[in-house]
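Chemist: Can you keep this structure in mind? I'll have questions shortly.
The values are calculated or read from the model by the stated rules, or taken from the named source; none is laboratory data. Fair warning: this is a prediction, and the values are worked out from it, not measured in the lab. Note: ideal-geometry Cβ built from the backbone for every residue, glycine included; neighbour counts use all protein chains shown. All accessible areas refer to the heavy atoms of the entire protein, side chains included, with ligands and DNA or RNA removed. Shrake-Rupley method; radii C 1.70, N 1.55, O 1.52, S 1.80 Å.
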Amino acid sequence: MSIDVRRFFRRKPGETAAGREDLPSPEQLGMPQPAPTVANKLGLVKFNPDTESHLRIIDSEVCRRRCRQKFCTHSCPAQVYRWEEEEKQITVAFEGCLECGTCRSGGCPYENIEMRYPRGGFGAQYRFG
Amino acid sequence: MSAATSRYDAIVVGGGPAGLAAAYTLAKGGASVVCLERGDWSGSKNMMGGLIYSQPTGSVFPEFWREAPLERHVTRRDMWLATGDSAIKLSFETADFAVEPYNSFTVYRSSFDKWLSRQTAAAGALMIRETLVEDLLWDGGRIAGVRTGRPQGDLEADVVIIAEGVNTFLTEKAGLSPCPPRAANVALAVKEVLALPKERIEDRFDLDPGAGAAIEIIGETTGGLPGTGFIYTNRDTISVGVGVLLDSLVDNRAEAYNLLERFKQQSQVRRLIQGAAPREYSAHLIPEGGYSCMPRLYGDGVLVAGDAAGMVNAINSEGANLALLSGKMAAETVLACRERGDFSAAALGRYRLLLEDTVILKDLRKYDNATKFLSTHHHLFGLYPELMAALAREFLTVDQLSKAEKERLLLKLFRSQVPTRRLLKDFYQAWRALT
């Protein structure tokens, strides 16, 4: 009988993942890596997108030079943030934002994302919720 | 909204359970109150992986279950310890929860909150939708109103009740928040609503017509990360979701939607949702920092209620009930202050005293260490369910090994996975955190 117990990265209290570029890869940690399904999921949500983004990368140099892990591309449940290797920057698909607030609450450990709510009446609109 | 300086007794920011309970109670008490909601309607931005409880909800909106849009009254609560291929299932079921006033309900927040807002408007509160509050208006050190995103959208009032939810933009601006939501004190929940005919739901979940089940799952569901999976039955849909503490999600670069997909593919879950068509995907943060992460609950001309005030009992998955109660207490405080015309922090401090006497502060204080404990004890979510399943599997497998040999084998396994001292320490700390 053998038990497969994964070893998760655990930080010390008070420490953040920012600056920790020596983390084991998600594959090594045994995280699921299925094909992206987010686009299908977002297709089920009704959006009324504003013309202007309510999300902003504060300093793209931080994404480029300091954040090797591109944390936001994993943490955002709507996959709003994507790393474009050619342009060396994060693109922000704000139209599909579910307004949860992950990116302002540690989803970017560098606190490099400014999130506001969309203007009244704009954004995601749940029919079930 | 026309006049630049519309004036009210109270402004409530946010049309969720906390804000609506506050606005409803204020309007019933004869105060002029405006409630601002950024969505197209109350609930259009909301989702939950929890239940609406009759008693606390009924204490604000009497006998709501007779008219409100509810999905199912919950008669069964399950807790599963799951591994990849096995599960230990604990189930509680009672007929007591099947009769009025029931105990809890599954709901769609998009329709339930909308119904609450209609009751609030009918009670005399002015509901303004599609309106984002962007800033607070100050008069010296006192909060005197709000600035909305509308042209000439300044509103003034004696008191502002902040019920903005988990993203505490205004609570932070009011200088009341000592620890704004950071990864260590929030959980990210993602959920899918899957459609299945009502009879098939009742067959699969073994339910009487109209009755519902709520299942909470720890273990493999979240890839062993600190969090839970959940399954709730609605009338003709099933809600399936996972909630994980954000810091461990970020550290491990796990994607919430991938955890959800894996959860849905787990055999015990897959059987329940097979053939059910996805109808909606949603995501929301839950403030799980507990008592020590609550903001100051009052200041000059301001009160904070609900998720904005960190009022979530993560251990029992309670939030909406605490939001409703806190909104009601905030309104009662304002009504009392209104009689004396004093809305200073000293007078509004009565809110905190009222809350001391409720389950809100009593339960949050009781479980203050629980979130911290769970977030530093990941193995509780991964290893222990595995060990429990191994124990059950070994004892239920009849083969050539004697029971004494099985005991020895299991003891060896336990010791190899958890040193005895660690095991004792875990139990001691769990006991300390939960009692």
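Chemist: With the requirement that a residue be over 17 Å from the mean Cα position of the chain (by Cα), within 13 Å of chain A (Cβ to nearest Cβ) and of a type in the set (Ser, Thr, Tyr), what does segment B:262-289 give you?
Modeler: Correct list: B:Tyr281 only.
Chemist: Of all residues in segment B:225-241 being farther than 16 Å from B:Leu380 by Cβ and either of a type in the set (A, V, I, L, M) or part of a helix (DSSP H, G or I) (or both), which is farthest from the other protein chains (Cβ to nearest Cβ)? Talk me through it step by step, then tell me what you get.
Modeler: First pass over segment B:225-241, keeping only residues farther than 16 Å from B:Leu380 by Cβ: B:230-241.
Right, trim to either of a type in the set (A, V, I, L, M) or part of a helix (DSSP H, G or I) (or both) and you get B:231, B:238, B:240.
Working: B:Ile231: 15, B:Ile238: 11, B:Val240: 12 Å.
By that ranking, first place goes to B:Ile231.
Chemist: Could you tell me whether any residue of segment B:204-211 is under 19 Å from B:Ala82 (Cβ atoms), modelled with pLDDT of 95 or more and not charged (D, E, K, R)?
Modeler: Looking for residues that are under 19 Å from B:Ala82 (Cβ atoms), modelled with pLDDT of 95 or more and not charged (D, E, K, R), one finds at least one in segment B:204-211, hence yes.
Chemist: What is the one condition in (1) of a type outside the set (Lys, Arg); (2) touching a residue at least 24 places away in the same chain (Cβ under 8 Å); (3) touching a Ser or Thr at 6+ places or on another chain (Cβ under 9 Å) that B:Asn258 does not satisfy?
Modeler: (2)
Chemist: Tell me which of these B:Met329 doesn't satisfy, since it passes every other one: (1) among the hydrophobic types (A, V, I, L, M, F, W, C); (2) within 17 Å of the chain's Cα centre (by Cα); (3) within 19 Å of B:Ala23 (Cα to Cα).
Modeler: (2)
Chemist: With the requirement that a residue be among the charged types (D, E, K, R) and crowded, with 17+ Cβ neighbours inside 10 Å, what does segment B:362-371 give you?
Modeler: B:Asp363, B:Lys366, B:Asp368
Chemist: Name the single residue, out of those in segment A:52-76 being part of a loop (DSSP other than H, G, I, E, B) and exposed (fewer than 15 other Cβ atoms within 10 Å of the Cβ), that is farthest from the other protein chains (Cβ to nearest Cβ).
Modeler: Among those that are part of a loop (DSSP other than H, G, I, E, B) and exposed (fewer than 15 other Cβ atoms within 10 Å of the Cβ), it is A:Asp59.
Chemist: With the condition kept exactly as written, say whether any residue in segment A:111-125 is facing chain B (nearest Cβ under 7 Å) and within 11 Å of the chain's Cα centre (by Cα).
Modeler: no
Chemist: Please give the number of the condition B:Arg253 fails out of (1) without any contact (Cβ under 8 Å) to a residue 12 or more places away in the chain; (2) touching a strand residue (DSSP E or B) at 6+ places or on another chain (Cβ under 9 Å).
Modeler: (2)
Chemist: A further question on this structure: Kindly provide the set of residues from segment B:268-305 that are within 30 Å of B:Asp206 (Cα to Cα) and either assigned to a helix (DSSP H, G or I) or touching a Phe, Trp or Tyr at 6+ places or on another chain (Cβ under 9 Å) (or both), ordered by number.
Modeler: Correct list: B:Gln268, B:Val269, B:Arg270, B:Arg271, B:Leu272, B:Ile273, B:Arg279, B:Glu280, B:Tyr281, B:Ser282, B:Ala283.
Chemist: Looking at B:Val418, B:Val398, can you tell me which residue is at pLDDT below 95 and either in contact with a strand residue (DSSP E or B) (Cβ under 8 Å, 6 or more places away or on another chain) or under 30 Å from B:Gly290 (Cα atoms) (or both)?
Modeler: Step by step, each of B:Val418, B:Val398 is checked, and only B:Val418 is at pLDDT below 95 and either in contact with a strand residue (DSSP E or B) (Cβ under 8 Å, 6 or more places away or on another chain) or under 30 Å from B:Gly290 (Cα atoms) (or both).
Chemist: Mind checking which residues of segment B:216-231 are modelled with pLDDT of 90 or more and open to solvent by 10 Å² or more (accessible area, probe 1.4 Å)? Spell out the reasoning first.
Modeler: So in segment B:216-231, the residues modelled with pLDDT of 90 or more come out as B:216-217, B:228-231.
B:Glu216, B:Thr228, B:Phe230 - these are the residues of segment B:216-231 that are modelled with pLDDT of 90 or more and open to solvent by 10 Å² or more (accessible area, probe 1.4 Å).
Chemist: Scan segment B:142-153 residue by residue and report those that are modelled with pLDDT of 95 or more and either touching a Gly at 6+ places or on another chain (Cβ under 7 Å) or more than 14 Å from chain A (Cβ to nearest Cβ) (or both).
Modeler: Within segment B:142-153, B:Arg142, B:Ile143, B:Ala144, B:Gly145, B:Arg147 meet the criteria.
Chemist: What number of residues in segment B:421-435 are loosely packed, with under 10 Cβ neighbours inside 10 Å and over 21 Å from B:Trp80 (Cα atoms)?
Modeler: Count: 2.
Chemist: Mind checking whether some residue in segment B:318-329 is open to solvent by 10 Å² or more (accessible area, probe 1.4 Å) and more than 30 Å from B:Leu137 (Cβ to Cβ)?
Modeler: Yes, the conditions are met somewhere in segment B:318-329.
Chemist: Looking only at segment B:381-414, filter to residues that are touching a residue at least 40 places away in the same chain (Cβ under 8 Å) and surrounded by 18 or more Cβ atoms within 10 Å (Cβ to Cβ); which one of those is farthest from the chain's Cα centre (by Cα)?
Modeler: My answer is B:Ala389.
Chemist: Would segment A:85-95 turn up any residue that is at pLDDT 95 or above, open to solvent by less than 40 Å² (accessible area, probe 1.4 Å) and over 11 Å from the mean Cα position of the chain (by Cα)?
Modeler: Within segment A:85-95, one or more residues are at pLDDT 95 or above, open to solvent by less than 40 Å² (accessible area, probe 1.4 Å) and over 11 Å from the mean Cα position of the chain (by Cα).
Chemist: Additional query: So which strands (runs of 3 or more DSSP E) are wholly in segment B:23-127 and hold at least 3 residues that are at negative phi, away from chain A (no Cβ under 14 Å) and open to solvent by less than 30 Å² (accessible area, probe 1.4 Å)? Full working, then the answer.
Modeler: Working: elements: B:33-36, B:72-82, B:87-93, B:104-106.
In segment B:23-127, the matching strands (runs of 3 or more DSSP E) lie at B:72-82.
Chemist: Ok, one more. Output the residue which, of all residues in segment B:176-217 that are over 26 Å from B:Asn252 (Cα atoms) and part of a helix (DSSP H, G or I), is farthest from the other protein chains (Cβ to nearest Cβ).
Modeler: Only one residue fits best here, namely B:Asp203.
Chemist: Still on this structure, I have one more. Taking the stated definitions as given, is B:Met311 part of a helix (DSSP H, G or I) and either within 14 Å of chain A (Cβ to nearest Cβ) or under 21 Å from the mean Cα position of the chain (by Cα) (or both)?
Modeler: Spelling it out, it is not the case that B:Met311 is part of a helix (DSSP H, G or I) and either within 14 Å of chain A (Cβ to nearest Cβ) or under 21 Å from the mean Cα position of the chain (by Cα) (or both).
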